[in-house]
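Read-outs: derived from the displayed coordinates by stated rules, not from any lab. The structure presented is a predicted model; accordingly, all values stated were derived computationally and were not measured. Glycine gets a Cβ as well: all are built from the backbone with ideal geometry, and neighbour counts include every protein chain shown.
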Amino acid sequence: MGQIDLIDISKSYDKQKNVLDEINLSIEEGEFFVLVGPSGSGKSTLLRMIAGLEDITSGTLKISDKIVNHLPPKDRNLSMVFQNYALYPHLSVEQNILFGLGAKKVNKKEQQKRLAETAEMMGLSELLNRKPKELSGGQKQRVALARSVVSEAPLCLMDEPLSNLDAKLRAQMRIEIRRLQKRLGLTMVYVTHDQVEAMTMGDRIMVLNDGKIQQVGKPITLYNEPENLFVASFIGSPKMNMGKAVYSMNQNQLVIEDTLRIAQGPDMDDIPGNIDLTVGIRAEHLLPGTAENTTHHLEAVNVEQLGNETLIAFDVGSTLWMAKWLGQWDVQVGEMVPVHIDSGNFCFFDSNTGLLIKSANFVKEQEVVSI
Amino acid sequence: MTIPITRKIIFYLLLIISSMLVFSPTLMAFVMSFMTNQDIMTGSLPSSLTLDNYVKAFNQFPLLKYLFNSLVVSIVIMLGQLILSSLAAYAFVFLEFKGRDLLFYVFIATMMVPFEASIIPNFHIIRDLGWIDTYPGLTVPFFAMAFGTFLLRQNFKQIPKELREASQIAGMGDFKFYLTVVLPVARTSLVTLGVYGFLTSWNMYLWPLLSTTNDSVRTVQIGLKQLQTQEQLNDWGVIMAGAIIVVIPTLILLFLGQSKLQKGLTEGALK
Amino acid sequence: MSMHSTAIPATAGSQIHFDKVKRKQRIKNFFKGMLFLLPSIVLFGVFLFYPLVRTIYLSFFLTDAAGNTTVFVNWENYVNLFSSPVFLQSIKSTFLFVLYTVPVTIIIALFLAVIANEKLRGIGLFRTLYSSTMGISVAAASVFWLYLFHPSIGLLNMLLEAAGIDGVGWLTDPAWALIAVSITTIWMNLGFTFLILLGGLQSIDSYLYESADIDGAGYFYKLRRITIPMLSPSLFFVITVTIINAFQTFGQIDILTQGGPVNATNLIVYSIYREAFVNYQFGSASAQAVLLFIIILIMTFLQFKIGERRVHYQ
Amino acid sequence: MKKIFPIIMLGILLFIAACGSDSSGESTDDAGAEGETEAAATETASGEESGDSNEKQVVTFWHSMGGAGQEALNAIVDSYNDSQEEVQVNAEYQGSYDEALTKFNSVAGTDSAPTIIQTFEIGTMSMINSGSIVPIQEFIDADGYDMSGLEENIINYYSLDGTFYSMPFNSSTPVMYYNKDAFEEAGLDPEAPPETFAEVEEASKAIVESNPDMQGFALQAYGWLYEQLLANQGALLLNNDNGRSDTPSEIGWSEEEGKSIFNWVENMVNDGTFANYGTNGDNMLAGFLAGDVSMFLQSSANSRDVIDNAPFEVGIAFLPHPEGKERAGVVIGGASLWMIDGKPEAETDAAWDFMKYLQTPEVQAEWHVGTGYFAINPDAYEEQVVIDAYEEMPQLQVTVDQLQATTSSYATQGALMDMIPEGRKIMETALESVYNGGDVDEAYNTAVEQFNHAIEQANAARGN
């Protein structure tokens, strides 16, 4: 139970432009699947279509190999957690948790049993008689989760459940949700606009923009091998440094943003020279230059000390590039800083189509560390 | 924020003067209801205060019965309006179906039809239903209420859509959701509409007169009308006593429900 | 209410089938919506639309005293209305009445709301007093004012005379009667209008005023630049409601002036009442009712068209 | 909270269902009622059960008497109910005559219709046309009741083509009230009140001269008074003998007759001796009592009230008439009682018994003295209460004298047509416009035009 298949799913309102365009996707049983994208990308709509809260304009939706396009939400055997928690303000925590069981006419004894278990698991046992307005944000969040857990539905949908919490609490809840999902073996479809959340929580991530799938894959794949410019700039923080690049054939150089000149290395052999290119490099690959390997001097325009890391913004043509260096670096604004840029760390994109031409070599050299 | 003392004084002056102006007609009626006709006619200050006017008003008709009828009629209309308006508002907010918006505008348009303009056809309907001199005749025509539907619709719109969706996922039907979630959550606006509905029905005057022929279900406003004469000299003291009797229950209700009423009306008017 | 649909095996999912299900769903939704609206629709139908249709029908006929149609006269009732100085006068009076009552009611209520919005001790009492007129029925309020306007023993004329001014024929002088009725109406409407405007004021965020205070704005500057614009949704609402009410004024006319003197206060609704109840001209009364309905509809429409543009919704 | 709503819902539904099917169910739960409970309870179980000998026969009597009139009426009805065992009369107020008539027209023929309805004199033609009434003549004939004992001038109004349609009840005529004290002060003879229009004008001037705070004369803008002033000149209101020989097709007065009243008023307005109280009779009365005006015309029904409340000597005089015209007398005003068709015989018989009771000298004497309305039965004037009252207030006699001095003619018999209420309003508007300085010719001509148009409309509505 719990596998979801989306086949050519589209959504349009009033026969106008598609909000979602031919989505094909399979979500495995027991998987933590994250839908991520900027606001308006259609990710919530997709989730709500799975829930049965939105009509499917065309395409087929299967849950556990059954076509469910026509089924009302209650017959899809799923639970859902909403961004604003959707707690009933006039009901106590206990009544809120048992709301769905009451509606499904689960017998009282069973209700109490499940309530006790869930409340225990979520740490809500002390709060059962409170009203939602007497709860803190995190507590509300837990009640919403408890409501989902208590339903024992194998499929759980979450629509930006953490966006109303402060940063610290959010980090904590991420772990809790993740743990819960594993423990209960739930199939989770999780919507967020926060790529950090996506990266840290998802077994797999789908990046959605403008109603179209940008990329589906494991978080690390998306990070290392973004299939297009959108994914490249969307995933990762700070975002990938980008620049327009031009090949100067005769000089065997790559000119980025008219300022950075990089000697052609063996990595660039298979890059076609006759198209507009965009290159991208992760902040952690813009390395500090040592006496031996300094390739460029760049002007620092901003420095952020994070404690264990230092973020330095460099002026590169019309854009700013960020470098993330481990440790505390004493860099003054306006200083020309020596950096080391390895052309092997560049991702190459076709500026016109936005598609990846070649990902960074780095990935191939250093396999993801597995313990 | 602290208010400077001079400004405070100015505001108190303004408040007191305007409250005297606004309240003086009521106050005057109250005083007159204890005055003798002689004093009123000669325009003098009350030389003596008497309860005679009240005694007279109560003796002339079964005023207690009228008050009871008014209470029944107003409560029934109020409940009827609450139920019908909230059902309709629910449909306009939470249900999606073809022609919903058009229907809503039709509802709103009914606010424009003055009741007096269609009072005679309405009377004929009541007659044909055999509802003359009955509580249904006095109440049912007012159950459907565009203003109430409008007010509650504005209010229901504030209820997060997610509540509805959560209950859909939980498998709760519309009617049950309406009963167990929407009504309790929208309590304030229901109270508001209730007070408003009660006040307006209590104050109805032409319809109760027309749709009744005897005292069995008559309301207190008719009593007030009966105190005024057609061909003889008005007994102002008794009339004012009658008016005060009519007004007191609604004033009490208003005083008690004023803050809630204001809150609910604001929500209806603002959003 | 539940729909026991069995899940369809994956292989059988044809598009046509879904359309059918969807259509069924839509029909079901429609009926569900109708079910909720049914009580209202039925009652509106019986007590509002049917009478309205009947009114339109009657407006093309002459009737006997019992209201039965006798002669079909086509548009004659309407033609007669437009050539009747009495009816034209009553349209004029109605518009004048709206013009007198609506702005004044709102200005006074706004003033009361503004002063009652201060955080002062005992303000609750003042709010209650200001809203009190809402609890006073048309019949009672009219009786109060009938006495106040009394030419010989009325309080108003006694006060005027005490001040050495000649008394005014409040309800007998055509120049004054409409104003007198307007005063009564304004007083009656004050409570309701006040409550709504006060509520509107209270829902304005105080940080707006605080930031204006920092900018050094004066009391009246804040009133003009913050209060009024932020209040515009409430104002819009009360304007709409008072206009509609003004067009439908009946009770106070019936008790105070009965349309006189010289038809000065013969507002349309009262004119309809008189035509039907006194003259037994149900046809002509119906024609007036139809015209009134059209006028109110146009006014409201215009108001929404013009007004909505000026309203700042939050 | 969540439990309450379904219960309330259910309650409402049951309530509607219960009330809808059995409309008489409510009267049992009128816990708050006092005194009148049993009347109301028995009332709802109307006519149908008349066969039951233990039950009193219920007669429903619709009236439009508010205030003091209602008090007097209730007293009479109570005394009738106490006087015998068989009949229970329930007197029920129905709003103004207009409202009562509208209501009656709508319920005529249904169970809600009353047994007896009181209707004003100008509703006579509508009632005859309605077809829902039984002429009183039928009961007179069947019962052998002798009508000759009743006041002739009153009877005249309510019979048409020799058929007597309704039983007169509260009848009145207009008289001129004047302030004797003020007359004396102004050097006028309080025992010789002005008789003609010109004399009234002169007296008014004298009053104002002696007391600038007092106006001379007030004429309420009241169509009825205009009709009376016409009749007093011997003029008809409607053609075809005031509608008594054929359906009227236009007004019956001449321009000279009609305009004389307007001119008279205009003179006083110009003199500054006229007090304008508009259409409000109550205000005029109060003005008179407060000493703001010295003379006014009003129904004799007010005489009792006025005399009782006035802090000065009140004089009552005949209605004035223009110079060069004989005083023709007055038309009876007020209202009469109609028997409604389609009721069980026992019920109408009981109603007839009640009507006869109302005409007895004792009751009429009570009524006359209690209200100032006429006694329909002149024998009432011989009753001790009346004699005593006259002794105390000789002015009351004048109203009766005036009626009895009236010469019987079509003019004083009164006009019959169903558009008279509308006509009255037209004349009131015209009068008011003159009070407020409007041009007489214009006001008069507009009024006549509208009046004729109203007649035309009324005829057209009947398909003529």
What's the magnitude of the charge dipole for the protein assembly as shown around its Cα centre, counting Lys and Arg as +1 and Asp and Glu as -1 at the beta-carbon? Answer in Debye, nearest 20. 10620 debye
Could you run the Karplus curve 6.51 cos²θ - 1.76 cosθ + 1.60 with θ = phi - 60° over region D:104-110 and give me ³J(HN,Hα) per residue in whole Hz, x for Gly and Pro? 4, 4, 7, 9, 3, x, 9
Along Cα→Cβ, 7 Å out, is where each label goes; now give me the distance between the ones at A:Trp329 and C:Arg121 in nm to one decimal. 6.6 nm
Under 5 Å, built H, 5+ apart or other chain: amide partners of D:Thr196: D:His321
Would you please give the residues with an amide H less than 5 Å from that of D:Gly315, counting only those at least 5 places away or on a separate chain, with H modeled from the backbone geometry? D:Tyr178, D:Asn179, D:Lys180
Rounded, prolate or oblate: which fits region C:84-310, taking a ≥ b ≥ c as square roots of the Cα gyration tensor eigenvalues, rounded meaning a/c under 1.5, else prolate when a/b beats b/c? oblate
What FRET efficiency would be calculated for the residue pair D:Asp401, D:Asp308, taking the C-beta separation as r and a Förster radius of 22 Å, to the nearest 0.05? 0.60
For region B:198-214, in residue order, the Karplus 3J(HN,Hα) values (coefficients 6.51, -1.76, 1.60; θ = phi - 60°; whole Hz; Gly and Pro = x) are 4, 4, 5, 6, 4, 8, 4, 9, 6, 5, x, 5, 6, 8, 10, 10, 9
Averaging sequence separations of C-alpha pairs under 8 Å and six or more residues apart, then dividing by the length of chain D, give the relative contact order as a whole percent. 22 percent
What distance in nm separates the simple spin-label points at A:His297 and A:Ile175, each placed 7 Å from Cα in the Cβ direction? 4.6 nm
Aspartates and glutamates near A:Lys105 by alpha-carbon distance under 13 Å, same-chain residues fewer than 8 away left out - which ones? none
Amide H contacts under 5 Å for A:Phe314, placed H, 5+ residues apart: A:Val301, A:Trp321, A:Met322, A:Ala323
Under the definition of partner shielding as Cβ atoms of other protein chains within 10 Å of a residue Cβ, what is the mean value for peptide C:201-212? 1
Output wanted: per-residue J couplings in Hz (rounded whole) for region D:351-360, from phi through Karplus 6.51 cos²θ - 1.76 cosθ + 1.60, θ = phi - 60°, x for Gly and Pro. 5, 5, 4, 5, 4, 5, 4, 4, 8, 5
Which percent of the Cα-Cα distances in region B:53-199 go past 25 Å? 42 percent
Of C:Val21, C:Trp176, C:Ser203, which is farthest along the charge dipole of chain C in the positive direction, counting Lys and Arg as +1 and Asp and Glu as -1 at C-beta? C:Val21
Ordering of D:175-185, D:433-443, D:78-88 by packing [mean C-beta count within 10 Å, highest first]: D:175-185, D:433-443, D:78-88
Determine the gain in length on full extension of the stretch C:Leu38-C:Leu159; use 0.36 nm per residue of separation and subtract their C-alpha separation, reporting nm with one decimal. 38.0 nm
Most packed first (mean Cβ within 10 Å per residue), the peptides D:242-251, D:294-303 order as D:294-303, D:242-251
Any idea which of A:Ala198, A:Ser10, A:Leu71 is furthest toward the positive side of the dipole for region A:4-229, if Lys and Arg beta-carbons carry +1 and Asp and Glu beta-carbons -1? A:Leu71
Would you mind working out the magnitude of the charge dipole of region A:238-365 relative to its Cα centre, with +1 at each Lys and Arg C-beta and -1 at each Asp and Glu C-beta, to the nearest 20 Debye? 220 debye
Rounded to whole angstroms and listed largest first, the alpha-carbon spread of region A:238-365 along its three principal axes comes to 42, 28, 26
Normalised by the number of residues in region A:4-229, what is the relative contact order in percent for Cα pairs under 8 Å and 6+ residues apart? 30 percent
Straight distance only, please: which aspartates and glutamates reach the Cα of D:Lys425 with their own Cα at less than 15 Å, same-chain residues fewer than 8 apart left out? C:Asp254, C:Glu275, D:Asp98, D:Glu227, D:Glu449
From other protein chains only, count the Cβ atoms within 10 Å of every residue's Cβ in C:113-119, then give the mean. 4
Rounded to the nearest 20 debye, dipole of chain C from Cβ charges on Lys, Arg, Asp, Glu: 1540 debye
What FRET efficiency, computed as 1/(1 + (r/R0)^6) with R0 = 25 Å and r the Cβ-Cβ distance, is obtained for D:Asp82 and D:Tyr145, rounded to the nearest 0.05? 0.60
Under DSSP loop assignment and at most 16 Cβ neighbours within 10 Å, longest trypsin sites (Lys or Arg not before Pro)-free interval of chain C: C:122-314
Other chains near A:83-95: what is the mean number of their Cβ atoms within 10 Å of each residue's Cβ? 4
Can you compute the modelled spin-label distance between D:Asp271 and C:Lys222, with each label point 7 Å from Cα toward Cβ, in nm? 6.6 nm
Say the dipole of the protein assembly as shown comes from +1 at the beta carbon of Lys and Arg and -1 at that of Asp and Glu; which of B:Leu82, C:Leu146, B:Thr180 then lies farthest toward its positive end? B:Thr180
Any aspartates and glutamates with Cα under 14 Å of the B:Lys8 Cα? List them, leaving off those in the same chain fewer than 8 positions away. C:Glu118
